[in-house]
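Visitor: One structure coming up, written as structure tokens, with questions to follow.
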Amino acid sequence: MIIDLTHIKDEEEISLAHEYDPKHEELEFVDYRYTTGITLEGTALRQNDSVSVTGVIKWTCVITCSRCVKEFNSSVDEHFDFSYDVYDKKQIDITNDVREQVIFLHEQQYLCRPDCKGLCPTCGNNLNTGQCTCSHNEIRENKFSQLKEILHDKKKEK
Ligand SMILES: [Zn+2]
Ligand SMILES: [Zn+2]
């Protein structure tokens, strides 16, 4: 979003509204599907040779849990505060700062719930909905009982 400074007088505040398309701003993430555009609402205040741009950016999205791959709805509503030195400038472009803010708000890992148990590495069963039959503990117990049987059989042979 480009702000034209030629119409903003000193000590004047103008209101801003813009909608970014995440596709056109290289703001798509693999675990993230936007259900709205990125909307921006705010104000730009000029004071001498500086302009402060403040407001909120908002969007809604569908996120994929990184453990169980379940999709869940989420939304972001974040305040931003940028300031620019506008000496000798006729316009400012705030797009890069908005982009950085959106990237900053994208988390390293998203979980559908903090204690998500994820998927069984053997059968792919969602462990949040119940244990599968190929639990590693059970395998260990089976081997142990087989070993006990072998020892038992050997004793009988004697
Ligand atoms: Zn999950
Ligand atoms: Zn399993």
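The values are calculated or read from the model by the stated rules, or taken from the named source; none is laboratory data. Note that the coordinates shown come from a computational prediction; the quantities given were computed from them, not determined experimentally. Quick reminder, even Gly has a Cβ in these numbers, built from the backbone with ideal geometry, and neighbours come from all protein chains shown. Protein only, heavy atoms only, side chains kept; ligands, DNA and RNA dropped before computing areas. Shrake-Rupley method; radii C 1.70, N 1.55, O 1.52, S 1.80 Å.
Visitor: Which one is nearest to ligand 1 (Cβ to nearest atom), of the residues in region 129-148 that are open to solvent by 40 Å² or more (accessible area, probe 1.4 Å) and modelled with pLDDT of 60 or more?
Guide: Within region 129-148, the first condition is being open to solvent by 40 Å² or more (accessible area, probe 1.4 Å), and the residues that meet it are 129, 131, 133, 136-148.
Now narrow it down to the ones that are modelled with pLDDT of 60 or more: 129, 131, 133.
Values: Thr129: 11, Gln131: 16, Thr133: 21 Å.
If we take residues in region 129-148 being open to solvent by 40 Å² or more (accessible area, probe 1.4 Å) and modelled with pLDDT of 60 or more, then Thr129 is nearest to ligand 1 (Cβ to nearest atom).
Visitor: Take the residues in region 115-126 that are more than 10 Å from ligand 1 (Cβ to nearest atom) and of a type outside the set (A, V, I, L, M, F, W, C); name whichever of them is most open to solvent (accessible area, probe 1.4 Å).
Guide: That would be Pro121.
Visitor: What are the residues in region 18-33 that are of a type in the set (Ser, Thr, Tyr) and either open to solvent by 40 Å² or more (accessible area, probe 1.4 Å) or at pLDDT below 95 (or both), if any?
Guide: Residue satisfying the conditions is Tyr32 alone.
Visitor: Need a quick list: strands (runs of 3 or more DSSP E) entirely within region 28-85 having at least 2 residues that are among the small types (Gly, Ala, Ser), in the same structural domain as Glu11 (by TED's automatic domain parsing) and out of contact with any Cys (no Cβ under 6 Å at 6 or more places or on another chain).
Guide: Hits in region 28-85: 38-47, 50-64, 71-85.
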